[in-house]
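Everything below concerns the one structure shown next.
The values are calculated or read from the model by the stated rules, or taken from the named source; none is laboratory data. Keep in mind that what you see is a predicted model, and the values were worked out from it rather than measured. Cβ atoms come from the backbone with ideal geometry, glycine included; neighbour counts cover every protein chain shown.
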Amino acid sequence: MDIFALLDLSVLDSTVRLATPLLLACLAGLFSERAGIFDIGLEGKMLAAAFFSAAIAATSGNVWYGLLAGIASSLALAGLHGLASITFRGNQLISGVAINFLAAGMTVLIAQNMFRQGGRTPSLIGEGRFEGIPLPFAEALRDVPVIGPVYYEVISGHSILVYLAFALVPLTWWVLYRTRFGLRLRAVGENPAAVDTAGVSVIGLRFAAVAICGVLCGIAGAYLATGLQAGFVKDMTAGRGFIALAALIFAKWRPWHALSATLLFGYLQAIALRPDIIESALGFKVQVQLLDALPYILTVVILAGFVGKAIPPKAGGEPYVKER
Amino acid sequence: MDKMPKWADVVLIPLISLLLAAIISALVILGIGEDPVEAVKLMVDGALGSTYGWGYTLYYATNFLFTGLAVSVAFHARMFNIGGEGQAMLGGLGAALVCLFIPWPHWSLALIAAATGAAIFGAAWAAIPAYLQAKRGSHIVITTIMFNFIAAAVLNYFLVNLLRPAGSMDPATARFPEAVHLPKLHDILAPLGIEFSNRAPANISFLLAIAACIFVWLLIWRTKLGFEIRSFGKSEQGALYAGISPVKITMIAMLISGALAGMMATNNVMGEAERLVLNSTEGAGFIGIAVALMGRSHPFGVFLAAILFGFLYQGGAELALWTKIPRELIVVIQALVILFTGALDNMVRMPLEKIFVALRKGKA
């Protein structure tokens, strides 16, 4: 039994890669929910972005066009969510459900119509994918004990979107806690009436938050199809939007905690792929189904308030009706 | 004073929403280069043109009746039970255990026991989110979503590790014994002299689903408990003031909801597959949301909406068979129905209210 085997470098490397889409979607949800708009449509927006990024990258041969198309499709769905839940004051949860199904259906319909490969896109090659970037000195430092292999295996060699995702954590923190926009955004999620009284547009702020959420989900989806994997397959998000939602609750709607929560859930996904490591580390077999369910179980435990209470933004889910 | 007559709220708005969803679906079909009129003809022919088609339409409708009623009951208590899928999965487990491990002499006894088992398992799966909502204030939508995923893992574990017959690679239980096979509509209608296809999976649980509709109607509109559920849904403060316990109503409404979702297993597991497979629910739990929204949470509305979705499901399968339109078209239609009847309800309602107010002013 060797507990340190659980820190296998290849597992940590895939942790970083698997945590990236979760982190991006989690930060997306953070912006939206901090502004008082619940979003259970993260999954659908990621899925749409995954398809359109792969489809455009495949047809144009340029992954950057793919990324833009992914962001645009996710933004369109975010706009629909905003229209339903802000403009028409509809139920945000129902709107999220609708968006998830819309994306699940439309991606396969369009994929089948465009490529006729059973709802998938052709495999992306060369410029159609985000390739890993070796960081400076990764080769040179490789033989330095401890730090060298960690730097070479775990930190270096990811695609640009991975580094972008991690850079977005301090940026999100700065925007939310150190800018006027961030203060207003948090205020609109707690007490929209006060923001309105101060003469700031509740609708404008909420649309801005929903749009940021759309952009981030777009990047998350594009990373899935053009970075993590090479092309789109049906339902490829596989519940990641909901794991991100779980991570958001786990992080209690805070950016740095979102990073640790998504890294934890990313690690659980990575280790689930290596049952051999778990067995040699712990000395017994852990059911793979338990590992699959663990993020959700942990979230329910957190939600139940047994380990510190998760209190969502106060005005979350409530459409704002201006007083007359 | 109401801004609109009741018939407009109950009939007109859902019809307009449905029409909008249909128009956009037609545009989608046009977009992928097929003829929407031809597609509708194929769907009607495939789903309603023969007793075989009807048999499938009613089979799907039975699933959606159970899950639609489940979502409706929770809606009446102003709770959004998004976990019908997980509750139906667990219901399947309950029904399968009853059918596999107890030697039943006759299908009728087995049906009662399996329905009870499925209902208990489904209710139990809803009980935990309900308790957490009632006692600890955890949002029921999030917990039921999480419980859907946990249910999938639980079912996977049971099928792969415990219930799979020795030597089988398929993550599924053994076939249920002959004695618990339910009579199909063919068997029920034959003594009445009505020819019905014997290859279609519609079975006696369709009648059980109709009984469930009547039960829900009686419960919600004809009992004290139903009154309490509706009062709680309309105003939690008001209900509290009237001495109605929020914990009790939350728990009971969710238990009934989970039990109804679980009872779907009598149709898809016991009636059709006659064994428990991994993806036996096929998303019916989520279609329940669309059905409840369209049916305005009223059992009769749910009945009509379930038949409509049954038609869409069977028609969609026919389309996928004969045209280049994939089955996922139904998922798109389902999304549009949820969008227009649920989230964008005000988009249809607000202009209509203005029209009715203007009409009334014109008369006065």
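Please go through region B:85-127 and give me each residue that is under 19 Å from the mean Cα position of the chain (by Cα) and of a type in the set (Ser, Thr, Tyr), ordered by number.
If the condition is that a residue be under 19 Å from the mean Cα position of the chain (by Cα) and of a type in the set (Ser, Thr, Tyr), then B:THR116 is the only one that fits.
Hey, does region A:217-231 have a residue that's part of a helix (DSSP H, G or I) and within 11 Å of chain B (Cβ to nearest Cβ)?
Checked against the condition, which is being part of a helix (DSSP H, G or I) and within 11 Å of chain B (Cβ to nearest Cβ), region A:217-231 yields no hits at all.
For region B:110-129, how many residues meet the condition of being away from chain A (no Cβ under 12 Å) and closer than 22 Å to A:ALA246 by Cα?
Counting residues in region B:110-129 that are away from chain A (no Cβ under 12 Å) and closer than 22 Å to A:ALA246 by Cα gives 3.
Within region B:147-193, which residues are without any contact (Cβ under 8 Å) to a residue 40 or more places away in the chain, surrounded by 17 or more Cβ atoms within 10 Å (Cβ to Cβ) and among the small types (Gly, Ala, Ser)?
The answer is B:ALA153, and nothing else.
When region A:86-115 is examined, which residues are found to be more than 7 Å from chain B (Cβ to nearest Cβ) and either surrounded by 23 or more Cβ atoms within 10 Å (Cβ to Cβ) or hydroxyl-bearing (Ser, Thr, Tyr) (or both)?
Hits for region A:86-115 are A:ILE86, A:THR87, A:GLN92, A:GLY96, A:ILE99, A:ASN100, A:ALA103, A:THR107, A:ALA111.
Does region B:339-362 contain at least one residue that is at pLDDT 90 or above, at positive phi and not aromatic (Phe, Trp, Tyr)?
Checked against the condition, which is being at pLDDT 90 or above, at positive phi and not aromatic (Phe, Trp, Tyr), region B:339-362 yields no hits at all.
What single numbered condition from (1) assigned to a helix (DSSP H, G or I); (2) facing another protein chain (nearest Cβ under 7 Å); (3) among the polar types (S, T, N, Q); (4) crowded, with 22+ Cβ neighbours inside 10 Å fails to hold for B:THR144?
(2)
Mind checking whether some residue in region A:192-201 is surrounded by fewer than 24 Cβ atoms within 10 Å (Cβ to Cβ) and within 20 Å of the chain's Cα centre (by Cα)?
no
Tell me, which helices (runs of 4 or more DSSP H) lie completely within region A:87-192 with 3 or more residues that are polar (S, T, N, Q)?
Ranges flagged: A:92-115.
Consider A:ALA238 against the criteria (1) modelled with pLDDT under 85; (2) aliphatic (A, V, I, L, M); (3) out of contact with any Pro (no Cβ under 9 Å at 6 or more places or on another chain): it satisfies all of them except one. Which criterion is unmet?
Unmet for A:ALA238, out of (1) modelled with pLDDT under 85; (2) aliphatic (A, V, I, L, M); (3) out of contact with any Pro (no Cβ under 9 Å at 6 or more places or on another chain): (1).
Can you name every residue in region B:240-290 that is polar (S, T, N, Q), under 19 Å from B:ALA123 (Cβ atoms) and not in a helix (DSSP H, G or I)?
Passing the criteria: B:SER245, B:SER280, B:THR281.
Per-residue answers, yes or no, for (1) more than 14 Å from every other protein chain (Cβ to nearest Cβ); (2) at pLDDT 90 or above; (3) not in a helix (DSSP H, G or I):
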residue: B:VAL154; (1), (2), (3): no, yes, no
residue: B:PHE158; (1), (2), (3): no, yes, no
residue: B:ASP170; (1), (2), (3): yes, no, yes
residue: B:ARG175; (1), (2), (3): yes, yes, yes
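State which residue pairs qualify: first residue part of a helix (DSSP H, G or I) and inside region B:210-238, second residue surrounded by 14 or more Cβ atoms within 10 Å (Cβ to Cβ) and charged (D, E, K, R) in any location, beta carbons under 6 Å apart, and separation of 6 or more residues or different chains.
Going by the 6 Å Cβ cut-off, the qualifying pairs are B:GLY233/B:ARG78.
Can you name the residue in region A:250-287 that is of a type in the set (Val, Ile, Thr) and buried (at least 17 other Cβ atoms within 10 Å of the Cβ) and is also nearest to A:GLU33 (Cα to Cα) among such residues?
Across region A:250-287, the extreme among qualifying residues is A:THR262.
What are the residues in region A:273-299 that are within 11 Å of chain B (Cβ to nearest Cβ) and either in contact with a Leu (Cβ under 7 Å, 6 or more places away or on another chain) or touching a residue at least 12 places away in the same chain (Cβ under 8 Å) (or both), if any?
A:VAL288, A:LEU291, A:ASP292, A:LEU294, A:PRO295, A:TYR296, A:LEU298, A:THR299
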